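Student: Got a structure for you, written out below as structure tokens; questions coming shortly.
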Amino acid sequence: MGWYADTLFPPLLDWATRPLNRDRDALLAGARGRVLELGVGTGANFGRYTASATEIHGIEPGAAMLAKAQATAAALPNPGRFHLIEAGAEALPYPDHHFDTVIACLVFCTIPDREAAAREVARVLHPDGQLLVLEHVQSERPLTRRVQHGLNPVWRHLACGCQLTRDTGTLLADHGFDTSALRRWRHPKLPGFAGELLQGIATRRI
């Protein structure tokens with residue numbers, strides 16, 4: 001994908017998202033059973049999984065980023081529970097109803113075909129499973145939303161495809177998820193244009 005995306009951007013991303021570390025801890029504490037993490041990046045979430053996550057699968061579309069994630073997993077206790085492959089979220093190489101938990105952590109902002117990805121998550125998640133969400137989203141505040149739309153063309157290139165204007169809550173609701181337990185809030189330690197968050201547990205509507 002290029003030197004910037006493969007070498008410089010990954011540590012910048014991990015540094016920029018440090019204010020979310022406690023939120024990641026709280027989210028991933030709820031992961032259980034067979035887990036799928038979308039867009040694992042460098043593996044920044046791997047050390048946050050508890051023993052309740054018995055089998056952890058992860059996808060990452062970039063080979064260079066995936067190699068970093070594999071190195072992260074290999075250095076952790078019980079590395080055998082990690083199963084990482086190069087793949088995109090739009091066509092998940094797993095059977096229907098295969099996972100007890102799916103993790104969407106700062107990923108739907110970047111997935112090129114988010115509609116296809118949402119359909120795939122609904123397909124591979126067990127009917128009684130849970131989708132754990134921590135995403136930055138388009139603001140509900142008109143002024144902030146205008147700023148996001150103004151910055152988005154430049155931000156998308158600087159942040160390797162990340163978009164400031166995604167309405168992930170509506171996306172998930174439109175693809176069969178009950179999003180009533182998701183919380184929208186503004187993180188005080190992130191810049192306002194990227195600090196509107198959607199967090200919590202979504203379940204499949206039966």
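Student: Say whether the condition of being assigned to a loop (DSSP other than H, G, I, E, B) and either surrounded by fewer than 16 Cβ atoms within 10 Å (Cβ to Cβ) or free of Cβ contacts under 8 Å to residues at least 40 places away in the same chain (or both) is met by at least one residue in the range 116-135.
Tutor: No.
Student: Among the residues of the range 2-55, write down those that are part of a loop (DSSP other than H, G, I, E, B) and loosely packed, with under 14 Cβ neighbours inside 10 Å.
Tutor: GLY2, THR50, ALA51
Student: Tell me, please, whether a residue that is at pLDDT 95 or above, part of a strand (DSSP E or B), open to solvent by less than 60 Å² (accessible area, probe 1.4 Å) and out of contact with any Pro (no Cβ under 7 Å at 6 or more places or on another chain) can be found in the range 136-156.
Tutor: yes
Student: Further question: For the range 12-58, how many residues are free of Cβ contacts under 8 Å to residues at least 12 places away in the same chain and of a type outside the set (Lys, Arg)?
Tutor: 6
Student: Now, a different point. Give me the pairs, please: first residue somewhere in the range 79-99 and under 12 Å from GLU55 (Cα atoms), second residue anywhere and part of a helix (DSSP H, G or I) and among the polar types (S, T, N, Q), beta-carbon distance under 7 Å, and either six or more positions apart or on two chains.
Tutor: From residues that are under 12 Å from GLU55 (Cα atoms), the pairs are LEU84/GLN70.
Student: Further question on the same structure: Taking the range 37-59, which residues are closer than 14 Å to ALA104 by Cβ and among the charged types (D, E, K, R)?
Tutor: The answer is GLU37, and nothing else.
Student: Identify, please: which residue in the range 69-113 is among the charged types (D, E, K, R) and either more than 13 Å from ILE59 (Cα to Cα) or not in a loop (DSSP other than H, G, I, E, B) (or both) and is, among those, least open to solvent (accessible area, probe 1.4 Å)?
Tutor: ARG81
Student: Could you check, for the range 35-49, whether at least one of its residues is over 14 Å from LEU134 (Cβ atoms), among the small types (Gly, Ala, Ser), over 18 Å from the mean Cα position of the chain (by Cα) and modelled with pLDDT of 95 or more?
Tutor: Looking through the range 35-49, none of the residues is over 14 Å from LEU134 (Cβ atoms), among the small types (Gly, Ala, Ser), over 18 Å from the mean Cα position of the chain (by Cα) and modelled with pLDDT of 95 or more.
Student: For the structure I just gave you, tell me whether ARG123 is closer than 29 Å to ASP100 by Cα and in contact with a strand residue (DSSP E or B) (Cβ under 7 Å, 6 or more places away or on another chain).
Tutor: no
Student: Here's something else I'd like to know. Restricting attention to the range 70-85, does a residue exist that is under 29 Å from GLN138 (Cα atoms) and out of contact with any strand residue (DSSP E or B) (no Cβ under 7 Å at 6 or more places or on another chain)?
Tutor: no
Student: Return only the number of the condition from (1) out of contact with any helix residue (DSSP H, G or I) (no Cβ under 7 Å at 6 or more places or on another chain); (2) without any contact (Cβ under 8 Å) to a residue 40 or more places away in the chain; (3) surrounded by fewer than 21 Cβ atoms within 10 Å (Cβ to Cβ) that LEU66 does not satisfy.
Tutor: (3)
The values are calculated or read from the model by the stated rules, or taken from the named source; none is laboratory data. The structure displayed is predicted, hence computed values, not measured ones. For neighbour counting, all protein chains shown are included, and Cβ atoms are generated from backbone atoms with ideal geometry for every residue, glycine included. Side chains included, ligands, DNA and RNA excluded: accessible areas come from the protein's heavy atoms. Shrake-Rupley method; radii C 1.70, N 1.55, O 1.52, S 1.80 Å.
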